[in-house]
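Asker: Quick one: the structure is below, questions incoming.
The values are calculated or read from the model by the stated rules, or taken from the named source; none is laboratory data. This is a predicted model, so every value here is computed, not measured. Cβ: placed from backbone, ideal geometry, glycine included. Neighbour counts: every protein chain shown.
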Amino acid sequence: MDRALNGWINGFIGMLIFAGSLPATRAAVSDFEPTFLTCARASIAALLGIIMLLVLRQRRPDRAELPALALVALGVVVGFPLLTALALQQVSSAHSIVFIGLLPLCTALFGVLRAGERPRPAFWLFSLLGGACVAGYAALGDGAASLQGDLLMLAAVLVCGLGYAEGGRLARSLGGWQVISWALVLALPVMLPLTLFAMPVSLEHVAIPAWLGLSYVSLFSMLIGFVFWYRGLALGGIAAVGQLQLLQPFVGLGLAALLLSETVSWTMLGATLGAVACVMGAKRFA
């Protein structure tokens, strides 16, 4: 199979898996505290990652690769899960999904800064238009909006873009699933003790949807999705394959409406369409 096509296929599968992350997180934070959820999902995924690394006899990262792995861990293991969990206590998953429209642009930005990719000037024009579209929705959107929740989502998208770009760059030498596995292992000495410390005194109040949400974000969002996503970025290019995320808001909004019975307003859908149109324009010049 053609290398670029293989990258797009892997990236598309990863995008579909990630699309369920925010609805699953919304379900989980209904009964779990954000700190516990963030640390638990990372710890569970790390233990599975360790098993994969040992069974498949993978090499240890070089010392020169450790700083990049630390950035991946800070971005996608700690930063994005924690910030989105905090945001989803104040806004709906449907509202938060609109901000994912900015993620392809953030990923491309860090692809320029960290991986040496060079989009044309018109790319940045569309980037600014997309940012203005999302910022306008955040300021004038529905009554469920929260300034603090919106700022947390913007910060989450920013650190996630860094983690995606850094992981995609590192996957070229270390391997796609190996990157997220080693990043999880690197974070485990901190995340596991915090999981035990933040664990609820009683779990009797935790409903089935919260358990399902925790299971999804631990297995799929934190590990399996990255197996496909980082491989896709490494094979097809960070800026190019990263644009597949423009489809993620549509899938995520559908899941939020279907699984959580959340309302998808016309302003929310319009903002998503506007952001996606700008990202498509940016893709042409990436």
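Asker: State which residue pairs qualify: first residue in contact (Cβ under 8 Å) with a residue 40 or more places away in the chain and inside segment 22-33, second residue aromatic (Phe, Trp, Tyr) in any location, beta carbons under 7 Å apart, and separation of 6 or more residues or different chains.
Answerer: ALA24/TYR216
Asker: Which of the residues that make up segment 56-70 are of a type outside the set (D, E, K, R) and more than 26 Å from LEU196 (Cβ to Cβ)?
Answerer: Result: LEU56, GLN58, PRO61, ALA64, PRO67, ALA68.
Asker: Would you pick out the residues in segment 221-235 that are surrounded by 24 or more Cβ atoms within 10 Å (Cβ to Cβ) and either under 17 Å from ARG3 (Cβ atoms) or aromatic (Phe, Trp, Tyr) (or both)?
Answerer: Result: PHE226, TRP229, TYR230, ARG231, GLY232, LEU233, ALA234.
Asker: Return only the number of the condition from (1) modelled with pLDDT of 90 or more; (2) surrounded by fewer than 24 Cβ atoms within 10 Å (Cβ to Cβ) that VAL72 does not satisfy.
Answerer: (2)
Asker: Another one. Being surrounded by fewer than 24 Cβ atoms within 10 Å (Cβ to Cβ) and in a helix (DSSP H, G or I) is the filter here, so list the residues in segment 82-105 that pass it.
Answerer: Hits for segment 82-105 are LEU82, LEU83, LEU86.
Asker: Okay, moving on. Mind telling me which of the residues TYR137, TYR164 ends up being closer than 27 Å to THR25 by Cα, surrounded by 19 or more Cβ atoms within 10 Å (Cβ to Cβ), of a type in the set (Phe, Trp, Tyr) and at pLDDT 75 or above?
Answerer: TYR164 is the lone residue from the list that is closer than 27 Å to THR25 by Cα, surrounded by 19 or more Cβ atoms within 10 Å (Cβ to Cβ), of a type in the set (Phe, Trp, Tyr) and at pLDDT 75 or above.
Asker: Can I ask one more? Is there a residue in segment 256-266 that is crowded, with 23+ Cβ neighbours inside 10 Å and part of a helix (DSSP H, G or I)?
Answerer: yes
Asker: Right, here's the next one. Are any of the residues in segment 182-204 polar (S, T, N, Q), over 17 Å from THR38 (Cβ atoms) and either touching a residue at least 60 places away in the same chain (Cβ under 8 Å) or part of a helix (DSSP H, G or I) (or both)?
Answerer: There is no residue in segment 182-204 that is polar (S, T, N, Q), over 17 Å from THR38 (Cβ atoms) and either touching a residue at least 60 places away in the same chain (Cβ under 8 Å) or part of a helix (DSSP H, G or I) (or both).
Asker: Can you tell me which residues in segment 178-214 are within 23 Å of TYR230 (Cα to Cα) and of a type outside the set (Gly, Ala, Ser)?
Answerer: Within segment 178-214, GLN178, VAL179, ILE180, TRP182, LEU184, VAL185, LEU186, LEU188, MET191, LEU214 meet the criteria.
Asker: Is one or more of the residues making up segment 40-60 β-branched (Val, Ile, Thr), touching a residue at least 12 places away in the same chain (Cβ under 8 Å), crowded, with 24+ Cβ neighbours inside 10 Å and under 30 Å from ALA257 (Cβ atoms)?
Answerer: no
Asker: Within segment 1-25, work out how many residues are surrounded by 20 or more Cβ atoms within 10 Å (Cβ to Cβ) and over 14 Å from the mean Cα position of the chain (by Cα).
Answerer: 2
Asker: Would you mind finding the one in LEU247, LEU253, LEU273 that is aliphatic (A, V, I, L, M) and either assigned to a loop (DSSP other than H, G, I, E, B) or over 17 Å from the mean Cα position of the chain (by Cα) (or both)?
Answerer: Result of the check over LEU247, LEU253, LEU273: LEU273.
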